[in-house]
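> First, the structure itself, so that you have it in front of you.
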Amino acid sequence: MAVSAANETTLLTFRLADEVYALDILKVREVLDFTTVTKVPRTPDFMRGVINLRGSVVPVVDLRLKFGMSMTEKTVNTCVIIAEVTVDGETTVLGALADSVQEVLDLEDGQISSPPKIGTKLRTEFIKGMGNRNDQFLIILDIDRVFSADEIARVQPPGAEAGSVA
């Protein structure tokens with residue numbers, strides 16, 4: 001996570017359904033308005049398709065579907081968070097649909113708790129921690145662990161190079 005001299009972490013917060021999530025700002029390249037997504041056949045359900053980002057093909061995933069929620073619906077606030085994901089030493093640029101982006105904020109170490117331990121059958125290793133701001137929890141994602149290497153390979157369009165977006 002991005003840590004400053006005062007032991008703060010800088011995060012981009014966004015909303016999926018009724019929950020607030022956050023990503024380390026160092027993993028975020030930019031935030032785009034929702035645009036036309038071209039569907040790619042034979043990809044996982046959570047893969048909504050690809051977009052053209054300044055001449056590069058970028059896969060777009062629906063985090064709501066990945067997390068077992070309903071599909072993200074296009075609204076005036078729907079956006080695509082362009083992030084760098086590193087799995088097995090390979091960096092891939094992908095877009096993640098979000099219902100809305102909230103803000104960029106700094107949380108001190110004391111405002112971040114360890115991820116919850118929820119039994120052995122539920123996967124929570126993609127949760128880096130739980131932030132607490134104004135008595136509201138936000139789920140801090142470890143974007144590098146949200147997707148497996150196999151899933152990243154399956155969402156990578158044919159001919160696309162890992163990390164090919166300049």
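The values are calculated or read from the model by the stated rules, or taken from the named source; none is laboratory data. Here the structure is a predicted model, which is why all the values come from computation and not from measurement. A quick note on method: Cβ atoms are made from the backbone with ideal geometry, for glycine too, and the neighbour counts reach across all protein chains shown.
> Hey, T75 hits all of (1) surrounded by 14 or more Cβ atoms within 10 Å (Cβ to Cβ); (2) more than 18 Å from D144 (Cβ to Cβ); (3) of a type in the set (S, T, N, Q) but one; which does it fall short on?
Here T75 meets the rest and fails (1).
> Tell me, which residue of the stretch 1-18 that is surrounded by fewer than 14 Cβ atoms within 10 Å (Cβ to Cβ) and not small (G, A, S) is modelled with the lowest pLDDT?
V3
> Looking only at residues in the stretch 109-124 that are assigned to a loop (DSSP other than H, G, I, E, B) and among the hydrophobic types (A, V, I, L, M, F, W, C), which one is modelled with the lowest pLDDT?
Out of the qualifying residues, it is L122.
> Quick check on my filter: what residues within the stretch 8-27 are outside any strand (DSSP E or B) and basic (K, R)?
Residue satisfying the conditions is K27 alone.
> Find the residue count for the stretch 132-153, including only residues that are at pLDDT below 85 and among the basic types (K, R).
The qualifying residues number 1.
> For the stretch 135-152, which residues satisfy the criterion of being out of contact with any Lys or Arg (no Cβ under 7 Å at 6 or more places or on another chain) and within 15 Å of A22 (Cα to Cα)?
Q136, F137, L138, I139, D144, R145
> Right, here's the next one. For D88, which of the numbered conditions (1) of a type outside the set (G, A, S); (2) surrounded by 15 or more Cβ atoms within 10 Å (Cβ to Cβ); (3) in contact (Cβ under 8 Å) with a residue 40 or more places away in the chain fails to hold?
Answer for D88: the failing condition is (2).
> Consider the stretch 43-69. How many of its residues are under 18 Å from S148 (Cβ atoms) and part of a loop (DSSP other than H, G, I, E, B)?
6
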